[in-house]
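Here is the structure we will look at, set down as C-alpha cells.
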Amino acid sequence: MPARPTDDDDNGPDPLPNNSSRFPQSDYTNTSSNSQQKSSVNTEVEKLIAEYNLKKQDESWVRSYWRPAMGWLYMVICAFDFIIFPLMTMFLPVIAKAFGFNITYSPWLSLTLSNGGLIHMAFGAILGVAAWSRGQEKIQSIGR
C-alpha cells in the first residue's frame with residue numbers, strides 16, 4: 001500500500017497560485033465604483049419614497065378615498081333598490097301571514113329609476129370621470 005502524503009510533503013505547485021496578473025487591480029476598483037453607484041441609486045430611491053410619503057401625509061383622507069367611497073355608495077344603493085327591498089316586499093306578506101296579519105302584496109317600485117334614472121347617469125358620469133382621471137394620474141406617475 002503506498003504511503004499517503006502528509007501536510008508536510010511538497011506535492012508540487014499550488015493548485016490556486018497567487019497570481020496577481022490573473023486578477024488585475026482595476027477589477028477591485030470597478031467593484032467599489034459599482035457599489036458607490038448602487039448606493040447613490042438607493043439614496044435617490046429613498047428620497048423619492050420619502051417625498052411620496054410626505055405628499056401622501058399632506059393629502060386629507062377625504063381626497064384620498066372619495067373615489068372608492070363613491071363606488072361603494074353606488075353599489076349599496078343598487079343593492080338595496082334592486083335586490084334587498086324587492087325581496088322584502090315579496091316576503092313581508094308571507095311572514096306577516098305566519099303571525100296572523102293580513103298584508104296585501106304591492107310590488108316594489110324602484111326609487112332610483114324614477115325621474116328617468118337620473119341618479120344612475122350621474123353616478124356613471126362621476127365614476128367614469130374618476131376612473132379616467134385616476135388612470136391619467138397613474139400614467140403620469142409612471143412617466144416620472
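The values are calculated or read from the model by the stated rules, or taken from the named source; none is laboratory data. None of these values were measured; they are calculated from a predicted model. Cβ atoms come from the backbone with ideal geometry, glycine included; neighbour counts cover every protein chain shown.
Annotation note: Cβ proximity below 7 Å between a residue of segment 52-68 that is within 30 Å of A122 (Cβ to Cβ) and a residue that is in a helix (DSSP H, G or I) and modelled with pLDDT of 75 or more (sequence gap 6+ or interchain) occurs for R67/A130; R67/R134.
Taking segment 119-141 as the region of interest, how many residues are among the aromatic types (F, W, Y) and without any contact (Cβ under 8 Å) to a residue 24 or more places away in the chain?
Quick first cut of segment 119-141, residues among the aromatic types (F, W, Y) only: 123, 132.
With the extra rule that they be without any contact (Cβ under 8 Å) to a residue 24 or more places away in the chain, the set shrinks to 132.
Count: 1.
Considering only residues that are over 16 Å from the mean Cα position of the chain (by Cα) and either farther than 17 Å from W72 by Cα or outside the structural domain of M70 (by TED's automatic domain parsing) (or both), which ones fall in segment 118-144? Passing the criteria: L118, W132, S133, Q136, Q140, G143, R144.
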